[in-house]
Structures are given as structure tokens and as C-alpha cells.
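K.L.:
One structure coming up, written as C-alpha cells, with questions to follow.
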Amino acid sequence: MFLMYWLANAFIFRRRYSPIHILDPRIKLLISIELFTLSLISSTVVHIGITLAAIFAVAALAKILERMYRTLLFSAAFSVLIFVINFLVGYSIIASFVLAVRFVAIVGSTSLFFLTTSPDELEYVMKWFRLPQDVVFAFVTAVRFVPVLMLDAIQIMDAQKSRGLELEKGNFINRIKKLAPILIPLVVTAVIRSSELAEAMEARAYGAVKNPTSLYTLTLKRRDKVVGILSVVLFAALLIYFLKG
């Protein structure tokens, strides 16, 4: 139970003042894509080590090391599974290790963007890419409410336990059956939230205008341009080094 609550809090955006948080979200997306690309092409222990060092350096600047640690810990179980499978199918220990750690690096590179970018900024970026309004709304709503639903599930489980529900006892089938008192209130809560959201959308005349305007627009400041140029230069240098190695 504590693990679920710990992980759910890791996926909820919390605004902080840091050199990374104040950047334009498009620059943060650029940095995340660059690190993601380096993670994909890393083929040696040295390459993956450099990539992880860059990811943790950016996370340290953003002051999100503790929260990133939670997301990486969650991906560690899958990383171990990747290592075992690759080793069993014939890869060497080093190659299996690189593939397993590469998955952690991929998760870390994507987490950098979502942990430092608010849902509002994410919406602005998606609109900047000229994505359909309904797609933008659906994605941003999911980002906002999935962690909230996880916390709701934890609260419902605590409430049912206080009423005598024993979720940890019994065989696998009995445990599945005991989830009904959890799922039903959770579905009801989700329906209530969706109804409230629909009323709020209707009150704001969602969909009345084909191309709605926005109160805020994304503008690149001098610091954004400098960071963007530096990140591209460093990315190009590391990319050449990785491809030669």
C-alpha cells in the first residue's frame, strides 16, 4: 500500500523553481528527445554510463532527483526481467546489462520532461505542434487524472480495510474476488469526476469554436535559445562519439 502511494506521488507534477523548470517547455522537450535518442543508440557500458550521467545531471539541476528515483525504481523490475530474458536467449552478460540499463535510461529521459512540465505547458506544446484539439484535451486530461485515480484507489482500499476487508489473505482467485469492493467505488468516483469535468467543459463552451485562441503563447527567451543551442551542440558531439565507438 505504501509502495502504491509512493509511486502515485511520483507521477504528480509539483512546481519548483529551478534552471530547468523555468525553461520553455519546447526546450525541455528537445533535451528529453536528445537524451532519449542517446539512450537508444547506447551500445556499450561507457555510452550508457555517459547517458545516465547526463540524465542525472539534468535531474539534479531540476531538483527532482528524489522523484526520478521513484520512477526509476519502478522500472528496475522490468529492467531485471529484460536482463534475464536477454541472457537466456544467448546474449552475453555485458550486452544483457547494457540492454537492461538502456531501458532505465529511456524511462529517465522521458521522465525529465513530464516531471518538469506542468499539464498546462504540455497542452501549449501539443497545440504548438498543431495537434487536434480533442487529442490534446484527452491526453492532458489523462496526465492530470491518472495519478489522482491512483490516489483515490489507495484511499478506497484504506477505507475498506478499516471495515474489515482483508486483501492480503487467501489465494490468487480469492484476492481477485476481493477487488470488487475496491473497483466499484473507484468506478463510481471516476464517473462522478467525468460528469463534473463534462459540466465544466460545457460551461466553458468547449467545442463551440473550431480554432480557439489561448490566453498564453509560447515565446522563446534568450536563456531558452542559449540552452537550446548548447544542448544541440552537446548532443551532436555525443552522437558522433557514440557512432564512432
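K.L.:
Which value, in debye to the nearest 20, gives the size of the charge dipole of the chain about its Cα centre, when Lys and Arg are +1 and Asp and Glu are -1 at the Cβ?
P.N.:
Around 320 debye, computed over the chain.
K.L.:
Which of the lysines could a cross-linker bridge to residue 28, judged by Cα under 28 Å and excluding same-chain residues fewer than eight apart?
P.N.:
Partners found: 63, 127, 221, 225, 244.
K.L.:
By how many nm would the segment from residue 78 to residue 163 grow when fully extended, if each residue of separation counts as 0.36 nm and the alpha-carbon distance is taken off?
P.N.:
Between residue 78 and residue 163, full extension yields 27.1 nm more.
K.L.:
A further question follows. From the P(r) of region 109-245, could you give the percentage of C-alpha pairs in the tail past 26 Å?
P.N.:
Across region 109-245, Cα pairs with separations above 26 Å total 53 percent.
K.L.:
Relative contact order, percent, of region 122-224 when contacts are C-alpha pairs under 8 Å separated by at least 6 residues?
P.N.:
23 percent
K.L.:
Residues in region 97-132, backbone N under 17 Å from the label point at residue 210 (7 Å along the Cα-to-beta-carbon vector): list them, ranges by number please.
P.N.:
Answer for region 97-132: 130-132.
K.L.:
I want to verify a result. In a Gaussian network model of the chain, Cα cutoff 10 Å, which of these has the top mean-square fluctuation: 76, 53, 203?
P.N.:
Among 76, 53, 203, the largest mean-square fluctuation in the Gaussian network model of the chain belongs to 203.
K.L.:
Which residues' amide hydrogens lie under 5 Å from the amide hydrogen of residue 43, considering only partners 5 or more residues apart or on another chain, with H built in the peptide plane?
P.N.:
Excluding prolines and chain starts, which carry no amide H, the hits are 48.
K.L.:
Compute the orientation-averaged projected area for region 92-173 from the convex hull of its Cα atoms and round it to one decimal in nm².
P.N.:
10.3 nm²
K.L.:
Take residue 188 and residue 93, extend 7 Å from each Cα along the Cα→Cβ direction, and tell me the distance between the two endpoints in nm.
P.N.:
So the two model labels end up 5.6 nm from each other.
K.L.:
Let me ask something else about it. Over the C-alpha atoms of region 31-81, what are the Rg and the largest Cα-to-Cα span, Dmax, in Å?
P.N.:
Looking at region 31-81, its Cα Rg and Dmax stand at 11.4, 31 Å.
K.L.:
Which helices pass in the chain if a helix is a full DSSP H run, must span at least 20 angstrom along its long axis by Cα, and must have mean Kyte-Doolittle hydropathy not below -1.0?
P.N.:
25-41, 45-62, 65-88, 93-116, 133-162, 180-203, 222-244
K.L.:
Shape verdict for the chain, please, from the Cα gyration tensor: rounded (a/c under 1.5), prolate (a/b greater than b/c) or oblate.
P.N.:
Oblate, because a/c is 1.5 or more while a/b does not exceed b/c.
K.L.:
Right, another one. Relative contact order for the chain: what is it in percent, counting Cα pairs under 8 Å that are at least 6 residues apart?
P.N.:
Relative contact order, the chain: 29 percent.
Rule-based calculations on the coordinates, nothing more; no lab input. Note that the structure is a prediction, hence the values are computed from the model and not measured. Please note: Cβ atoms are built from the backbone with ideal geometry, for glycine as well, and neighbour counts cover all protein chains shown.
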